[in-house]
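Everything on this sheet refers to the single structure shown next.
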Amino acid sequence: MAMGKRKPRQESLFITTDQLISSAGHPFYQRLNALLAENGFDDWIERRCAEYYEREEPRGRPSLPPGVYFRMLLIGYFEGLDSPRGIAWRCSDSLSLRAFLGIPLDRATPDHSTLTNTRKRLPEAVFDEVFRFVLGIAEAKNLITGTTVGVD
């Protein structure tokens, strides 16, 4: 399966009634997205995960972009959700989380099976590197204090 890439989206030329529903977004997730973008998170994680995906997919659609996958995991952590089903449901239900993920209303959010399959594809080392990357951003911006961090 070829790796999908998270791309900036272009707004539609025409507005339908379901596009009138929007959200200003949650301030926390807006700031987190800005920090991730400022530090090149999507490009970095796509390069890091490239070896675990096919170069080109001859059939089907592209996979879930790694940047979106890890944002969904962050949502699970911040919202206290410990299952792929809970994370998938919460993301599909929230306009502000859709904005954080970069998924417009006319597209479906990833379902729980996509999260599970992506988790199986990536080794534990990638998750550790993402954790360190995000912590490094937080530390550089003086958003965290302390000397010891544990991962379960």
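The values are calculated or read from the model by the stated rules, or taken from the named source; none is laboratory data. Note that the structure is predicted; figures quoted are calculated from it, not measured. Reconstructed Cβ throughout: ideal geometry from the backbone, glycine too, with neighbour counts over all protein chains shown. Remember, those area values only see protein heavy atoms, side chains included, never the ligands or the DNA or RNA. Shrake-Rupley method; radii C 1.70, N 1.55, O 1.52, S 1.80 Å.
Observations on the model:
- Taken together, the criteria exclude Ala37 from residues that are touching a Ser or Thr at 6+ places or on another chain (Cβ under 7 Å), open to solvent by 50 Å² or more (accessible area, probe 1.4 Å) and closer than 21 Å to Gly4 by Cβ.
- Residue, modelled with the lowest pLDDT, within segment 1-27, restricted to residues that are among the basic types (Lys, Arg) and open to solvent by 80 Å² or more (accessible area, probe 1.4 Å): Arg9
- Residue match in segment 92-113 (condition: modelled with pLDDT under 95, over 23 Å from Ala24 (Cα atoms) and assigned to a helix (DSSP H, G or I)): yes
- Answer residue from segment 54-89, given it is of a type in the set (Lys, Arg) and not in a helix (DSSP H, G or I) and is modelled with the highest pLDDT among those: Arg55
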